[in-house]
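Written out below as structure tokens is the structure these notes cover.
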Amino acid sequence: MRDPDQQPYPPPRERPSDELVLAAIERGVCHEPRGLAAISLGTLFEHLCVARRSAAARHVRARLAVLHAAGWLARSRRHGVYTWELSAAGRRYLARARRGGRVRALPEAPQHRAWRTARATAAQELDRFRLRLQAGLDRADALLAADPAAPSDAWFALGEELRRACWRVGSASHCLHEWAEPDDARADVDEHTEASDERLEPTARAGARARRLGRRNVRLW
């Protein structure tokens, strides 16, 4: 299965405008899952749908310096990497640009692209995952009926296989049927919770949430 993050972005028709760069930084901060106030250059490229090694990326790098000098951006460092956020003046400028109709629509947000890709992949793979799980259950039936009894190693190996097969079916089912479409107004973060958790005892609730770790990560399939 191809990694969607490795697919090259289509070349943009034109270089991103200053207003679009500011809007992308604003959205990137809004979607920052850790609640950080600034984003890296790589995250900015993702929100602009710009390949890192492209003429558009070089243009964005040059404009960041200009926007910073103009006072519309604040620059800081996180783990030795420059990060960017809108200054108060930048937010005011972007608001005026929006009122004047000078801000074009941003490309699809990375979090929406991740949701869409996971949903499409789950629709493609779920039946195959179910068939593999059913094949494992059939082998379990055969081991139960074995005479003489199946060796312990056969059960240990099948147990690992079934655990993995069940997890894949559960993950794909979540991506296809339970993961709500992200809202651009906020970060889409999987808190590993469900409404039914309130009916569980604390220990059972903690166990259920632990089992949900990574359920949206199609790379684990």
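The values are calculated or read from the model by the stated rules, or taken from the named source; none is laboratory data. On a predicted model such as this, the values are computed, not experimentally measured, just so you know. Note that we place each Cβ from the backbone using ideal geometry, even for glycine, and neighbour counts take in every protein chain shown.
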For this session: Inspect the range 155-172 for any residue being in a loop (DSSP other than H, G, I, E, B), among the hydrophobic types (A, V, I, L, M, F, W, C) and either within 19 Å of the chain's Cα centre (by Cα) or closer than 20 Å to His31 by Cα (or both) and give the result as yes or no.
Result: no
Seminar exercise, completed: Given the conditions (1) more than 19 Å from Asn217 (Cβ to Cβ); (2) acidic (Asp, Glu); (3) over 15 Å from the mean Cα position of the chain (by Cα), every one holds for Glu125 apart from (1)
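This table checks each residue for (1) under 20 Å from Pro16 (Cα atoms); (2) at pLDDT below 95.
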site: Arg78; (1), (2): no, yes
site: Gly101; (1), (2): yes, no
site: Pro110; (1), (2): yes, no
site: Arg128; (1), (2): no, no
site: Leu143; (1), (2): no, no
site: Asp147; (1), (2): no, no
site: Asp153; (1), (2): no, no
Problem set entry | the range 31-69, residues that are under 17 Å from Ala88 (Cα atoms) and surrounded by 14 or more Cβ atoms within 10 Å (Cβ to Cβ) | Leu36, Ala38, Ile39, Leu64, Leu67, His68
Exercise. In the range 67-74, is there at least one residue being within 30 Å of Leu126 (Cα to Cα), modelled with pLDDT of 95 or more, part of a loop (DSSP other than H, G, I, E, B) and in the same structural domain as Val103 (by TED's automatic domain parsing)?
Worked result: no
Problem set entry | Enumeration of residues in the range 80-111 that are under 21 Å from Ala70 (Cα atoms) and polar (S, T, N, Q) | Thr83, Ser87
For this session: Scan the range 179-211 for residues that are surrounded by 11 or more Cβ atoms within 10 Å (Cβ to Cβ), within 22 Å of Gly28 (Cα to Cα) and small (Gly, Ala, Ser) and report the count.
Result: 1
For this session: Scan the range 25-66 residue by residue and report those that are of a type in the set (A, V, I, L, M, F, W, C), within 17 Å of the chain's Cα centre (by Cα) and in a helix (DSSP H, G or I).
Result: Val29, Cys30, Leu44, Phe45, Leu48
Seminar exercise, completed: Within the range 80-99, the count of residues that are in contact (Cβ under 8 Å) with a residue 40 or more places away in the chain and farther than 13 Å from Ala23 by Cα comes to 3
Exercise. Does Ala150 fit the bill of being part of a loop (DSSP other than H, G, I, E, B), over 14 Å from the mean Cα position of the chain (by Cα) and more than 24 Å from Gln111 (Cβ to Cβ)?
Worked result: yes
Exercise. If you go through the range 110-126 one residue at a time, do you hit one that is without any contact (Cβ under 8 Å) to a residue 60 or more places away in the chain, out of contact with any helix residue (DSSP H, G or I) (no Cβ under 8 Å at 6 or more places or on another chain), over 25 Å from Leu36 (Cα atoms) and surrounded by fewer than 12 Cβ atoms within 10 Å (Cβ to Cβ)?
Worked result: no
